[in-house]
There are 2 protein chains.
Amino acid sequence: MSHPRLTENERHTALVELSGWALTPGREAIRRVFTFRNFNEAFGFMTRAALVAEKLNHHPEWSNVYKTVDVTLATHDADGLTELDVKLARSMDKIAASMGV
Amino acid sequence: MSHPRLTENERHTALVELSGWALTPGREAIRRVFTFRNFNEAFGFMTRAALVAEKLNHHPEWSNVYKTVDVTLATHDADGLTELDVKLARSMDKIAASMGV
């Protein structure tokens, strides 16, 4: 099942809901930096998010330095943002919120 | 226990042993890009490496895009490379080798 690229209106609606995320300059992608208390929590977040990503078969571009996790989401097949990115962003927000972030 | 910065000779000796790693231009750090078969293996590698990092209390700077893991190691306290970086690099190499990489 392929996912159509979001329209500008749909992108706008999604970004209002995903308040911690912002469009990446120069690229149709969204980004959020999560900051935890330490590496244990940051990597715990990544592990939970990785399970969701694998289930969705949709994977983040992300980096980790100690207690921070910098996430960029985009759908390569659609050359932009799709519902998959919104789903994964929403899941990551829920996981982080459950950890007090 | 603080770890002294490696001398130039020690750095050279370490890099001969750590054949997949290279010095990062413009910074006293080492870098290796690991490429696996898929996200499951890449994140499996990261999980095993994270346990080693936490045990050493020495953490990588790393990013992951699908099946690749890009790792940079340095010791911030020493403002350069120490034995901790060599230990972590060696462990990562062993984990990757055990996965056929």
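Any read-out appearing in this document is the output of simple, stated calculations on the displayed coordinates, not a laboratory observation. Quick caveat: nothing in here was measured; it's all calculated off a predicted structure. All Cβ positions, glycine included, derive from the backbone under ideal geometry; neighbour counts span all protein chains shown.
Here are the numbers for this structure:
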| item | result |
| --- | --- |
| Within-15-Å neighbourhood charge of B:Ser91 [Cβ basis; K, R +1; D, E -1] | +1 |
| Residue-averaged 222 nm ellipticity for chain A, from DSSP H runs of 4+ at -39500 (n - 2.57), nearest 500 | -14000 deg cm²/dmol |
| Around B:Arg27: net Lys/Arg minus Asp/Glu count, Cβ-Cβ under 12 Å | -2 |
| P(r) of the protein assembly as shown over all Cα-Cα pairs, binned every 10 Å from zero, in whole percent | 8, 33, 31, 19, 7, 1 |
| Exam field: A:Thr68 pseudo-label spacings to other copies (7 Å along Cα-Cβ), nanometres | 2.2 |
| Across A:Lys94/B:Lys94; A:Lys55/B:Lys87; A:Lys55/B:Lys55; A:Lys87/B:Lys55; A:Lys87/B:Lys87; A:Lys94/B:Lys55, pairs whose alpha-carbon gap is larger than 32 Å | A:Lys94/B:Lys94; A:Lys55/B:Lys87; A:Lys87/B:Lys55; A:Lys87/B:Lys87 |
| For the stretch B:75-97 versus the stretch A:47-101, the gap between their alpha-carbon centres in whole angstrom | 28 |
| Cα-Cα pairs of the stretch A:22-98 separated by more than 16 Å (percent) | 46 |
| Distances in nm from A:Leu23 to the matching label points in the other copies, shortest first (labels 7 Å along Cα to Cβ) | 4.3 |
| Estimated dipole of the stretch A:22-98 in Debye, rounded to 20 [Cβ of Lys and Arg +1, of Asp and Glu -1, Cα centre] | 380 |
| Amide H contacts under 5 Å for A:Thr75, placed H, 5+ residues apart | A:Gly80, A:Leu81, A:Thr82 |
